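Here is the structure we will look at.
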Amino acid sequence: MILVVNAGSSSIKVALFQTGPDGALTQHLAGQVSGIGGPLAHLDLGTDDKDIAAPDHDTALAAILSSLAAQGVALSNLTAAAHRVVHGGTTLVAPCRVTDDVIAGIEAATPLAPLHNPNNLAAIRALQSLAPDLAQYASFGTAFHATNPDVATTYAIPAEDRAMGIRRYGFHGLSYAWIVTQFGADLPKRLLALHLGSGASLCAIKNGRSVATSMGYSPLDGLTMGTRSGAIDGMAVLRMAEIHGPDEAARRLNKDSGLKGLGGANDMRLLLAADTDKANFAVDHFCYWAARHAGSAVVAMGGLDAVAFTGGIGENSAKIRDRIMAHLAFLGDVPVHVVKAQEERQIALDALTLGAV
Ligand code: ADP
């Protein structure tokens, strides 16, 4: 059985997959520990639902392993752990088995994702000490976009700044990889994929490979999101940093902007239900900018054969899908697909492909 681990700053989400004799993956159970580092953490996994003490990722993972054992899945039943790692930097551009070099690579990419990669590393290290013989794998949120051409990933900034790793990376790669997996042999040649959740991005997928994506150096860029601004002029960012200081400017752009900044709520369902001028403007902004960035992605692919929506909004809101597609009507009548996001399954599949059983 493969344990998929998604370690955030205060939570660790896990999903357990079993491989059948035909190699098919079945999700056995899923759950999480939330509130890590707080006064009281909470474990919700399978039939277990209880408060626990989890001051750090080590104790949270130990609690997950003992809960699994109590539910009949001993450590010895696990064949692998497969981690979602947010940023692979420039070197980790494909899923891989975790080695010392891979750990060093994740560490090297930490300045690019200071809020995320340390948690992923903490989970990898915790499992190394709790289960030294367990094979560990990593799938990277950025890796799917490693096929973008240089012209798409390069910011036109001085060479010394480019040498500091300031370039476009792109995110939501596991979600896009899953879309490609789902289409299988029926994958359209030029597919516009939109991941619309609380974070939102889109990706131009040509012949199964990402050729352009709307997120850039960080997941702030591109579409209007739940609480992130989406694309904004660098000078406007600097002005906000001047007014508020850099940390507060970053917080405002990441946490108080987007649908929340415009409409007062980051939840698309609330905005659609509210139907006030403010809420409607936020929804208009979301759809308009999704379509504006879609136009850019279509240019990167040299045309469009199909569109796929995924993520909480993309999967559930026909209204939003229709409104974005209405902006794109000039491109002709293209098939529209809805794909349920299953990043954990993609991560398990990656591990399986690399030899996990
Ligand atoms: P996350 O990125 O945190 O995983 P999700 O992919 O679950 O987020 O997406 C969350 C978003 O999906 C929220 O804005 C939520 O309002 C929206 N959403 C979920 N169901 C619907 C629905 N039926 N109609 C419109 N929006 C929806």
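On the basis of being open to solvent by 40 Å² or more (accessible area, probe 1.4 Å), within 16 Å of the ligand (Cβ to nearest atom) and under 30 Å from Asp284 (Cβ atoms), does Ser198 make the cut?
yes
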Return yes or no: is Ala193 assigned to a helix (DSSP H, G or I), in contact with a helix residue (DSSP H, G or I) (Cβ under 7 Å, 6 or more places away or on another chain) and at pLDDT 95 or above? no
Being surrounded by 18 or more Cβ atoms within 10 Å (Cβ to Cβ) and over 19 Å from the mean Cα position of the chain (by Cα) is the filter here, so list the residues in the stretch 338-357 that pass it. Leu352, Ala356
Inspect all residues belonging to the stretch 296-303 and state whether any of them is touching a strand residue (DSSP E or B) at 6+ places or on another chain (Cβ under 9 Å), open to solvent by 70 Å² or more (accessible area, probe 1.4 Å) and away from the ligand (no atom under 16 Å from the Cβ). yes
Going residue by residue through the stretch 325-338, is there one that turns out to be over 24 Å from Arg84 (Cβ atoms), modelled with pLDDT of 95 or more and touching a Cys at 6+ places or on another chain (Cβ under 7 Å)? yes
Just for helices (runs of 4 or more DSSP H) wholly inside the stretch 211-270: which have at least 3 residues that are within 24 Å of His195 (Cβ to Cβ) and open to solvent by 70 Å² or more (accessible area, probe 1.4 Å)? 246-255
Hits in the stretch 162-190 (condition: part of a loop (DSSP other than H, G, I, E, B) and either more than 16 Å from the ligand (Cβ to nearest atom) or open to solvent by less than 10 Å² (accessible area, probe 1.4 Å) (or both)): Ala163, Met164, Gly165, Ile166, Arg167, Arg168, Tyr169, Gly170, Leu187, Pro188, Lys189
Quickly run through the stretch 314-328 and pick out the residues that are over 13 Å from Phe286 (Cα atoms) and of a type outside the set (Gly, Ala, Ser). Glu315, Asn316, Leu328
Taking the stretch 1-25 only, how many residues are in contact with a Phe, Trp or Tyr (Cβ under 7 Å, 6 or more places away or on another chain) and assigned to a strand (DSSP E or B)? 3
Tabulated pairs, the stretch 257-284, first in contact (Cβ under 8 Å) with a residue 60 or more places away in the chain, second near the ligand (Cβ under 9 Å from one of its atoms) and not in a helix (DSSP H, G or I), C-beta under 6 angstrom, 6+ apart or interchain: Asn266/Gly226
Going through the stretch 115-128 one residue at a time, which ones are open to solvent by 80 Å² or more (accessible area, probe 1.4 Å) and either farther than 20 Å from Ile2 by Cβ or at pLDDT below 95 (or both)? Leu115, His116
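Out of all the residues in the stretch 305-314, is one or more open to solvent by 40 Å² or more (accessible area, probe 1.4 Å), part of a strand (DSSP E or B) and either under 23 Å from Leu259 (Cα atoms) or within 16 Å of the ligand (Cβ to nearest atom) (or both)? Steps first, please.
First, the residues of the stretch 305-314 that are open to solvent by 40 Å² or more (accessible area, probe 1.4 Å): 305, 312.
Filter again for part of a strand (DSSP E or B), leaving none.
Looking through the stretch 305-314, none of the residues is open to solvent by 40 Å² or more (accessible area, probe 1.4 Å), part of a strand (DSSP E or B) and either under 23 Å from Leu259 (Cα atoms) or within 16 Å of the ligand (Cβ to nearest atom) (or both).
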Residues (within 15 Å of the ligand (Cβ to nearest atom) and either among the β-branched types (Val, Ile, Thr) or in a helix (DSSP H, G or I) (or both)) located in the stretch 271-283: Leu271, Leu272, Ala273, Ala274, Ala279, Asn280, Ala282, Val283
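The values are calculated or read from the model by the stated rules, or taken from the named source; none is laboratory data. Keep in mind it's a predicted model, so treat the numbers as computed, not measured. All Cβ positions, even for glycine, are placed from backbone atoms using ideal geometry, and neighbour counts span all protein chains on display. Please note that ligands, DNA and RNA were not included when accessible areas were found on the heavy atoms of the full protein model with its side chains. Shrake-Rupley method; radii C 1.70, N 1.55, O 1.52, S 1.80 Å.
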